[in-house]
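What follows is one structure encoded as structure tokens, with my remarks underneath.
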Amino acid sequence: MRSLALLTLLAVPAFAGAELGKPAPDFTLKDLDGKDVSLASFKGKTVVLEWFNPECPFVKASHTKGSLADLAKRQQKKGIVWLAINSGAPGKQGAGAEKNKAAVKTFALEHPVLLDEAGTVGKAYGATNTPHLFVIDAKGTVVYRGAIDNAPDGEGQVPQGGKLVNYVEAALDELSANRAVKTADTKAYGCSVKYAN
């Protein structure tokens, strides 16, 4: 019984996740060229973290037809930092530098893709799906976590409630207008993050 309780204690913090209104967990990960990228280096800027798996059908749909197709490019022009994170373990779907480099070309991405093969950062944020997005304000506080939008097909064709709502874009617009983020927490959809265990 004691070992089961200990196991439970060990398991909970790993997926506790980034809390709304609290400081975003800091991290340093390598990009696809092996350079270190650290969240702390973007202090004072709004940052979007996008959990990424280039072989996930939902990620493919979002980046070709859906809400992620040109969102990062448009937001980067406004000074937003956009970082994609792949927490897939070696040998799992969409993992590895080469697959991700190919995806950068296919999706014409202009932002870094960071590799989190141990899954440490994904678990620190509680990332469950690809795509799963987090918005961090200029003070380093998590102000949004969840789905990219309300269309769980990934293509934006069947939004819940009939009207497409891009939650991340809405959150960024509200931040830039110095307003509180109205919809701060939604349920992410897509493929499961391919953690090692």
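General observations
- Sequence-distant residues sharing a close amide H with Thr141 (under 5 Å, placed H): Ala24
- Linear extension gain, Lys73 paired with Asp173, 0.36 nm per residue minus alpha-carbon span: 34.5 nm
- Beta bridges by DSSP in the range 2-192, antiparallel share as percent, to the nearest 5: 65
- GNM flexibility winner over the chain from Ser41, Ser67, Ser87 (Cα, springs under 10 Å): Ser41
- With q set to 0.14 Å⁻¹, the log10 of I(q)/I(0) for the range 98-160, from the Debye formula over equal scatterers at the Cα positions, is -0.58.
- Highest-fluctuation residue, Gly119, Gly161, Gly140 considered, GNM on the chain with Cα pairs under 10 Å: Gly161
- Annotation for the range 77-121: GluC sites (Glu not before Pro) lying in DSSP loop with at most 13 further Cβ atoms inside 10 Å of their Cβ are Glu110.
- Note on the chain: Cα Rg divided by 2.2 N^0.38 Å, N the number of residues, gives 0.99.
- Over the chain: helical MRE at 222 nm, DSSP H runs n ≥ 4 each giving -39500 (n - 2.57), nearest 500: -7500 deg cm²/dmol
- Across the options Phe107, Thr141, Phe27, the greatest Cα extent toward the positive end of the charge dipole of the chain (unit charges at beta carbon of Lys, Arg, Asp, Glu) belongs to Thr141.
- Working from Cα pairs under 8 Å separated by at least six residues, relative contact order for the range 137-197 is 36 percent.
- Summarising the amide proton neighbourhood of Val193: residues at separation of 5 or more, or on other chains, whose placed amide H is nearer than 5 Å comprise Asn129, Thr130.
- Gyration tensor (Cα) of the range 141-197, equivalent ellipsoid semi-axes in angstrom: 22, 17, 8
- Average Cα contact separation per residue, the chain, under 8 Å, 6 or more apart, as relative contact order %: 28
- GNM flexibility winner over the chain from Lys123, Lys65, Lys105 (Cα, springs under 10 Å): Lys105
- Coil-residue trypsin sites (Lys or Arg not before Pro) of the range 158-197, DSSP, other Cβ within 10 Å capped at 13: Lys163, Arg179, Lys182, Lys187
- Rounded to the nearest 20 debye, the dipole size of the chain about its Cα centre is 120 debye, using +1 on the Cβ of Lys and Arg and -1 on the Cβ of Asp and Glu.
- Relative packing of 75-81, 126-132, which averages over residues the other C-beta atoms within 10 Å, highest first: 126-132, 75-81
Each reported figure results from applying straightforward, stated rules to the coordinates on display, with no laboratory input. Here the structure is a predicted model, which is why all the values come from computation and not from measurement. Cβ atoms come from the backbone with ideal geometry, glycine included; neighbour counts cover every protein chain shown.
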